[in-house]
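Note sheet for the following structure.
Quick note: the coordinates plus some simple rules give every number you see, no bench work behind them. Since the structure is predicted, the reported quantities are computational estimates derived from the model, not experimental observations. Please note: Cβ atoms are built from the backbone with ideal geometry, for glycine as well, and neighbour counts cover all protein chains shown.
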Amino acid sequence: MAIPYEHAGERGEYIDSYYSRTLDVENEFPELTDQITAPVCIIGGGMAGVATAQGLVERGIKPVLIEGNRIGWGASGRNGSFCSAGYSLGADKIVKKVGKQHAKELLSLTTEALALIKKRIGDRKELRGETDGLLNVSWFDERAAVEKNIEFMNDVMGVDYKFWSREQIRGLYHSKRYYDGYLKGCGIQVHSLNYNCHAAKQAEDGGARIFEKSPAVNITKHGNGWKVTTEKGSIIADQIVMCCSAYIGNLNFRLSTATLPVATYVLLTEPLGERLKSAVEGPYGVSDNRFSSNYYRTLPDSRLFWGGRVSMFNPSGEKLKKIMMDDLLVVYPQLRGIKADVAWGGLMGYPAHKMPQIGELEPGFWYAQGFGGSGMTATVAGGEVVSAAIANGDERYKLFEPYGLDYAGKPFGPIVAQTAYWLFQLQDAYKAWRLNK
Ligand SMILES: Cc1cc2nc3c(=O)[nH]c(=O)nc-3n(C[C@H](O)[C@H](O)[C@H](O)COP(=O)(O)OP(=O)(O)OC[C@H]3O[C@@H](n4cnc5c(N)ncnc54)[C@H](O)[C@@H]3O)c2cc1C
């Protein structure tokens, strides 16, 4: 199946985005040109692969990580920067499928991962937003449902989400679209590309060997282990971990067909100066609760960083800027006339069940993929359970067993994803018409 590489840029280089324009972490890693051996070979240098490398070095194992392009080149270095607990699948649906206790254990992996990200950021404060806290606002006039949801999440996720009234919200975010919501006090905004490179350097400092522009082209059995062949070298490893997400191509049929590559987008405006205050005065990142939601944050130089949308048509350039700006103006019509600076997209790997796919395909062949649109923290949870399994025989990765490698609908995937998005938009519009009288 053809991957929409329109948003990939030249093979090996970062696309033009806010992140690549503000990349200021040491991030050069060599190309693999030799035959080498390693206890573990990780394939894919996004958040999932790098977190697995960190988890391994912290447990005394020195892996090799190969990245086909650059560290954080995929979704991990292009995303919306919202880092909070939970998965793409809502906590209520997880409880429904696996029961409350199992769901609590799954969700606590992400609260632990969020704490770990903060620890790994340490005193590199520039890697995260200035103010902790992410605000989730309701698009619908349904206060009781919002309150019930908060109570449920605080119980199941062990978090402390706080109710915000519509007056509080509209006092800082001047949109008539917003009703009540809640603040996730522990959520943070992260410069995802800088963080990804910082984390890779941490892994390297701990003894991992990292190679960029070294795509795996073949994986074969080798004795009791595996041989991973790259374009110019190879790795013989006892165990391998596949973390290629939506950019996997045809490297492994089973893993490749278990997720859909779904494209989503971000827009960066010009600096808005004083005009920003006519729309946004709050310091928190904001997302709304529609299926087809938008999320955004402000940057210190008064730009709006605006994300959302799903489209199989791969809009780019001026067309993408316009699509994203139109969404922004639905929420903040008072900003009509502002200019877009740059807009970009990236691919998320979505399983049909919307939960990460984490496990062992056959002895010594591990995978962590399918983090969908909530991968910042979940990838780190994945890296932790896989590295703990490899290093210590820990079995927490089995918590993900109910969410297997179901066929995700390729080659019709993009059409399925687009149609689902349109249906969700209709559902959102109908709900708003019904509730927001
Ligand atoms: C625009 C956008 C906004 C988003 N916003 C948010 C957000 O605000 N919060 C949130 O939590 N999540 C968000 N997400 C989702 C999140 O970014 C992903 O879930 C997460 O980054 C997935 O990480 P990953 O490591 O699994 O995949 P990726 O980051 O895509 O990494 C996969 C890597 O594997 C490499 N690779 C592929 N094939 C090979 C090969 N053969 N050999 C070697 N390397 C290979 C690729 O080059 C790539 O670098 C967003 C995603 C996008 C696209």
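Observations on the model:
- DSSP-defined beta bridges in the chain - what % are antiparallel, rounded to 5: 70 percent
- Inter-part distance where region 332-387 and region 250-300 are each reduced to a Cα centre, Å: 12 Å
- Long pairs among 119/184; 354/398; 410/431; 62/118; 62/100; 104/410, criterion Cα-Cα beyond 28 Å: 410/431; 62/100; 104/410
- Whole-number percent relative contact order across region 200-259, with pairs defined as alpha carbons under 8 Å at least 6 apart: 21 percent
- Contact order relative to length of region 191-314, as percent, for alpha carbon pairs under 8 angstrom and 6 or more apart: 16 percent
- Radius 12 Å from Cβ of residue 248, net charge of other residues (Lys, Arg +1; Asp, Glu -1): +2
- Most fluctuating residue given options 406, 301, 180, as computed from a GNM of the chain linking Cα atoms under 10 Å: 301
- Peptides 318-324, 233-239, 426-432 ranked from most to least packed give 233-239, 318-324, 426-432, packing being the mean of other C-beta atoms within 10 angstrom over each peptide's residues.
- Sequence-separation-based contact order of the chain, relative, with Cα cut under 8 Å and 6+ spacing, percent: 24 percent
- Options 17, 115, 68, ranked by Cα towards positive dipole end of region 1-125, top entry (Cβ charges): 115
- The angle between the Cα long axis of helix 100-121 and the main principal axis of the chain comes to about 80°, on a 0 to 90 degree scale.
- Partners for residue 277 among lysines (Cα-Cα distance below 18 Å; same-chain residues under 8 apart left out): 176, 339
- Lys, Arg +1 and Asp, Glu -1 on Cβ, resulting dipole of the chain about Cα centre, debye, nearest 20: 1080 debye
- Computed [θ] at 222 nm, deg cm²/dmol, the chain (DSSP H ≥ 4; -39,500 (n - 2.57); rounded to nearest 500): -10500 deg cm²/dmol
- The ranking of 296, 18 from fewest to most other beta carbons within 10 Å of each one's beta carbon is 18, 296.
- A protection proxy built from the mean count of other Cβ atoms within 10 Å ranks the segments 160-172, 47-59, most packed first, as 47-59, 160-172.
- Mean-square fluctuations from a GNM of the chain, with a 10 angstrom spring cutoff on Cα atoms, peak among 220, 111, 377 at 220.
- Burial ranking of peptide ranges 283-290, 22-29, 325-332 (average Cβ count within 10 Å, highest at the top): 283-290, 325-332, 22-29
- Kirkwood analysis of the chain, using all unique Cα-Cα pairs, places the hydrodynamic radius at 21.9 Å.
- In region 264-392, the convex hull through the Cα atoms has an average projected area of 10.2 nm², a quarter of its surface area.
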